[in-house]
Amino acid sequence: MSAPQVIGVDLGGTSILAGSIDREGRVHERREAPTPTGSQAELLEGIAAAIEPLAGAGMAALGFGIPSVIDRGTGRALGSNNIPLEDVALGQVMSERFGVPAAVENDANAAALAEWQLGAGRGAENLIMLTLGTGVGGGLVVDGALFRGWAELGHLVVLADGPPCQGNCTGRGHLEAVASGNAGDRAAERLWGEGATAELLVGRAAEGDEGALEALSGIGHLLGAGIGSLVNIFGADLVLVGGGFGNAAAEFLFPEALDVARREVQLEPFRATLRILKAELGSDAGVIGAGLVAFEALEAS
Ligand SMILES: [Zn+2]
């Protein structure tokens, strides 16, 4: 008999990514489908439809990374970003439907779990992960365990009264407002007019464009301020940065971010040991993390 495989599902606002995953975190087969957002019933059907083609013989458990605040006692999603998933125990619903153990985790936590166990954070006792995409998300490993609570690392204030945040957030100067792909778009538009993007900004920086380099260094500066505060709170000296924008702009963001973060860090030894590294698993981090959550459900069953 072959080793058990599970299915991990990374549920995003625009797409559902499902993959069959083995114990080593390898993704064997994957399915991607648009996220139905018309109603909760449609969404649940869409999730099941993404799982079904992968759920052949040997599916031992299901794991979900969801953009939601989760009640730890009941596993219910209390509220979600950008999708109609509210007051529902998704793990229980899918466990009954497919007849295997299932569990849910917040998507940012799931990605951090994957990077910690199988990516750039292997072996770390403490780490902070930040995902710089359209928005900013993140997860934490504290004292050798994934932090499973609700942490909105993207909504850390790094510039009081700064630019307004995104979506429903009423805050200003949050990390997400100044160090996301959207912030990169706005910086590009300031340089080259409407329609210029973060992608162009990074491309021009690679060609040595002064304005682009300065803008990215400015974003790195505020990213570093956020990182310094997080290091002071959680006592981690390893910071992983991923996400589409974080990955693409890493070489232009990290040097300034590291300088500023070191300046802000209160505990002297951490100033020397602090590292900011690129996350390794790319856009697979979420689905691999969901697979690890499935293996946890299997072990607990
Ligand atoms: Zn915010």
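Only the coordinates and a few stated rules stand behind these numbers; no lab work does. If you're wondering where the values come from, they're calculated on a predicted model, not measured in any experiment. We place every Cβ from the backbone using ideal geometry, glycine too, and count neighbours over all the protein chains shown.
Per-residue 3J(HN,Hα) values for the range 249-258, derived from phi via the Karplus relation 6.51 cos²θ - 1.76 cosθ + 1.60 with θ = phi - 60°, read 9, 3, 5, 8, 9, 5, x, 5, 4, 5 Hz in sequence order (x marks Gly and Pro).
For the range 1-74 and the range 87-142, what is the separation of their C-alpha centers, rounded to whole Å? With the range 1-74 and the range 87-142 each reduced to a Cα centre, they are spaced 12 Å. Among the GluC sites (Glu not before Pro) in the range 109-175, none is located in a DSSP loop while being surrounded by at most 11 other Cβ atoms within 10 Å of its own Cβ.
Under unit Cβ charges (Lys, Arg +1; Asp, Glu -1), what dipole magnitude, rounded to 20 debye, does the range 1-121 have relative to its Cα centre? Could you put the intermediate results ahead of the total?
Working: 7 positive and 15 negative charges, 44 e Å.
Roughly 200 debye for the range 1-121.
Distance between the pseudo-spin-label points of I233 and L213 (7 Å out from Cα toward the beta carbon): 3.4 nm.
Annotation: amide H-H contacts under 5 Å for G162 (H modelled 1.01 Å from N, sequence separation of 5 or more, or interchain): G173.
In this structure, the amide hydrogen of F147, modeled 1.01 Å from its nitrogen in the peptide plane, lies closer than 5 angstrom to those of L140, V141, V142, counting only residues at least 5 positions away or on a different chain.
Other residues with beta-carbon under 13 Å from the beta-carbon of R262 carry, at +1 per Lys or Arg and -1 per Asp or Glu, a net charge of -2.
Dipole magnitude for the range 76-212: computed about the Cα centre from +1 point charges on Lys and Arg Cβ and -1 point charges on Asp and Glu Cβ, it is near 260 debye.
Under the rule a/c < 1.5 gives rounded, and otherwise a/b versus b/c splits prolate from oblate, where does the range 39-152 land using the Cα gyration tensor?
Numbers: a/c = 1.91, a/b = 1.45, b/c = 1.32.
It comes out prolate by the Cα gyration axes.
Say the dipole of the range 1-86 comes from +1 at the beta carbon of Lys and Arg and -1 at that of Asp and Glu; which of L85, L62, A48 then lies farthest toward its positive end? Highest projection toward the positive end goes to L62.
First select every other residue whose beta carbon is under 9 angstrom from the beta carbon of G63; then total the charges, Lys and Arg +1, Asp and Glu -1.
Details: positive: none; negative: E105, E296.
Net charge around G63: -2.
In this Cβ point-charge picture (+1 for Lys and Arg, -1 for Asp and Glu), the chain has a dipole of about 360 debye about its Cα centre.
The separation of the range 251-301 from the range 195-237, counted between C-alpha centres, amounts to 16 Å. Database remark: amide H of K278 closer than 5 angstrom to the amide H of V241 (H placed geometrically; neighbours at sequence offset of 5 or more, or on other chains; Pro and chain starts carry no H).
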